[in-house]
1. Being in contact (Cβ under 8 Å) with a residue 40 or more places away in the chain and either surrounded by fewer than 20 Cβ atoms within 10 Å (Cβ to Cβ) or among the polar types (S, T, N, Q) (or both) is the filter here, so list the residues in region 36-51 that pass it.
2. Anything in region 29-75 that is modelled with pLDDT under 85 and among the charged types (D, E, K, R)? List them, or say none.
3. Report every pair of residues separated by at least 6 positions or lying on different chains whose Cβ atoms are under 9 Å apart, first residue within region 1-14 and under 13 Å from THR54 (Cα atoms), second surrounded by 11 or more Cβ atoms within 10 Å (Cβ to Cβ) and at pLDDT below 90.
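The values are calculated or read from the model by the stated rules, or taken from the named source; none is laboratory data. Because the structure is predicted, anything quoted here is derived from the model rather than measured. Glycine also receives a Cβ, built like all others from the backbone with ideal geometry; neighbour counts cover every protein chain displayed.
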Amino acid sequence: MDFLTISELFLMLCLIIYMLANVKIAARRTTGSTLAGVAGFTIALGVVLAMVSTLTGIDFCRDIAFAILILSPVGTIAAAYVLGGGDL
């Protein structure tokens with residue numbers, strides 16, 4: 001394993017920790033923190049999936065990451081509404 005691969009794996013680990021922190025932020029009952037947590041989670045998930053696509057050569061991970069990043073504003077608003085105590 002070369003240095004670039006090790007650094008990409010370390011970045012993926014850091015992004016997963018960042019995703020867990022965003023879940024904790026999204027679990028608060030205020031709408032602003034829920035929006036921030038869910039938005040950060042979706043961006044980190046898209047980047048992790050793009051890196052998985054680069055490292056492993058699985059092409060559909062890149063497509064899923066693109067769809068998540070495009071549809072994340074709609075999902076962020078819906079998840080923030082539900083986590084904030086609303087009912088769809």
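1. So in region 36-51, the residues in contact (Cβ under 8 Å) with a residue 40 or more places away in the chain come out as 38, 51.
If the condition is that a residue be in contact (Cβ under 8 Å) with a residue 40 or more places away in the chain and either surrounded by fewer than 20 Cβ atoms within 10 Å (Cβ to Cβ) or among the polar types (S, T, N, Q) (or both), then MET51 is the only one that fits.
2. ARG29
3. THR5/LEU55; GLU8/THR54; GLU8/LEU55; LEU9/LEU55; MET12/LEU55
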